[in-house]
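Just so it is clear, none of the values below were taken in a lab; they were calculated from the coordinates. In this text, all values refer to a predicted model and were calculated from it rather than measured experimentally. Heads up, the Cβs are rebuilt from the backbone with ideal geometry, glycines too, and the neighbour counts pull from every protein chain shown.
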Amino acid sequence: MGPTQKPNVCRQLSRRALGFFSRDAGVVQRTNLGILRVLVCQESTKFKNVWTTHSKSPIAYERGRIYFDNYRCCVSSVASEPRKLYEMPKCSKSEKIEDALLWECPVGEILPNPSDYKSSLIALTAHNWLFRISATTGKVLEKIYLASYCKFRYLSWDTPQEVIAVKSAQNKCSALARQAGIQQPILLYLAVFHVLPFSLIGILEISKKIFGNVTDATLSHGILIVMYSSGLVRLYSFQAIIEQFMQQKLDLGCACRWGGTAGTVGEAPFGIPCNIKITDSPPLLFEVSSLENAFQIGGHPWHYIITPNKKKQKGVFHICALKDNSLAKNGIQEMECCSLESDWIYFHPDASGRIIHVGPNQVKVLKLNEVENNSAQHQISEDFVILANREKNKNENLLTVTASGRVVKKKFNLLDDDPEQETFKIVDYEDELDLLSVVAVTQIDAEGKAHLDFHCNEYGTLLKSIPLEESWDVTYSHEVYFDRDLVLHIEQKPSRVFSCYVYQMVCDPGEEETTNRSCEKE
């Protein structure tokens, strides 16, 4: 692409200083992020490895904070060099944090305490306590004792930043109990809370008597999703379940008598009784069968993605309308690739209704739109495709020598995810800068080398490529985060050794930009 006109950063900064955007605070923020995007993508900008560390426990990253030692230690990655924000006192294994979510202050709500306007970490401990911890100091601001009748283990958002679901470990019937004909009546529990201020919605039990042999269950956007080993996925309205089966409304911190025992709700040892007990089959909203329970909802209007429930259909995706289960036109998506690792598909997180389909050598961004002259039906079409940088029609020659001494050449094609070819491993979306980030890996001699590419989210144009200094072993587990001016790579090696590599944006004034790349359709 030839030189094209880019947003003038100096002009934007001058307009901001003069208050041109004062009528709308959101415009100022979008302008600032637009400036940052220009700086990130310009040729002279480099990303420098400023910090590397290793740990024997998992490393987690969330919004500029790196967590070590089961969230006990927090390091800020925002400064020019990562610095420790806090380190909580050491605790026993039974008191360690098992899962956590970062809560950030909602806009437009009046909260009871000044501390509520700052980010908090909502943490679940191994001994069934739910903590709200200051994200900057590590101080425990609130704590709730859940229960003693089950082991809670997982945290997730039902409604992001508003409602959380705390899921128990699944109760599995032992072999001895099965031989004796004893069935486990309660499979798992879900505790549901509004956050900030904490208020209890209820604790729901998932029983075998009502739901059958459930393998998993979760809450998402007010929908109870129940999954079975057969591949069946069933959806129920959680609000309808509350209205029909809640036995008693419970309030945190209030006295309660339950089952002959009295205590304070949310305090030890009483905890929170299970107050939503389903005694009859709740109304079914929707059900579908999919291989490995793979099921996603998204798009405009609502569509869902499944894989037909047969092993030979792995890698085949059907995109159907939620309202009548009809298959969209061109709704069967199958990437023609021969690889050890299967491709994957998901609705684009930018809320555009598009779909991202990732294979070893290409990333397809698909769009959902109405069929011409038939507004009732929708079709799938390509918006753009990102291709790996590979030699076309590359194949290998296999030399064999016959008994007579004649040399015979046989050609065979490489796998699409052959390590010696550039292969896509991770695709993510940076929502604030509106960029797609793609990690591509190539095996060079004995070690793999990776680079992180930034693509325009609208047209797929390559805007920037960042080489990662450390080697990339494809047999290890990897996570890569791109957050504004930060790139962070977390790697899990054998024997539970975790490594963290932090890169920060550095503008090199010594280099003049010779090529202007803009986010335009080619």
Query raised in the report: If you find the alpha carbon centre of the stretch 438-481 and of the stretch 50-111, how far apart are they in angstrom?
Result: 25
Query raised in the report: When Lys and Arg each count +1 and Asp and Glu each count -1, what net charge do the other residues less than 11 Å away from Arg484, Cβ to Cβ, add up to?
Result: -3
Report summary line: Cβ-Cβ cut-off under 14 Å around Ser381, Lys and Arg +1, Asp and Glu -1: the net charge is 0
Query raised in the report: Pairs Lys48/Lys118; Lys208/Lys314; Lys151/Lys449; Lys96/Lys172; Lys84/Lys493; Lys208/Lys310: which are spaced more than 32 Å apart, C-alpha to C-alpha?
Result: Lys151/Lys449
Query - Long-range amide H partners of Leu187 with built H, under 5 Å - result: Ile206, Ser207, Lys208
Report summary line: The long-range amide H neighbours of Lys151, using H built 1.01 Å from N in the peptide plane and a cut-off of under 5 Å, are Ala169
Requested in this report: For the stretch 63-70, take each phi angle, set θ = phi - 60°, evaluate the Karplus expression 6.51 cos²θ - 1.76 cosθ + 1.60, and give the result in whole Hz per residue in order, putting x for glycine and proline.
Outcome: 6, x, 10, 10, 10, 10, 6, 6
Query raised in the report: With point charges of +1 on the Cβ of Lys and Arg and -1 on the Cβ of Asp and Glu, referenced to the Cα centre of the stretch 91-282, which listed residue (His194, Tyr154, Tyr117) lies farthest in the positive direction of the dipole?
Result: Tyr154
Query raised in the report: All other residues with a Cβ under 9 Å from the Cβ of Asn70 taken together, and with Lys, Arg as +1 and Asp, Glu as -1, what is their net charge?
Result: 0
**Report entry** For Ala328, residues with placed amide H under 5 Å, excluding near neighbours
**Finding:** Ile319, Cys320, Ala321
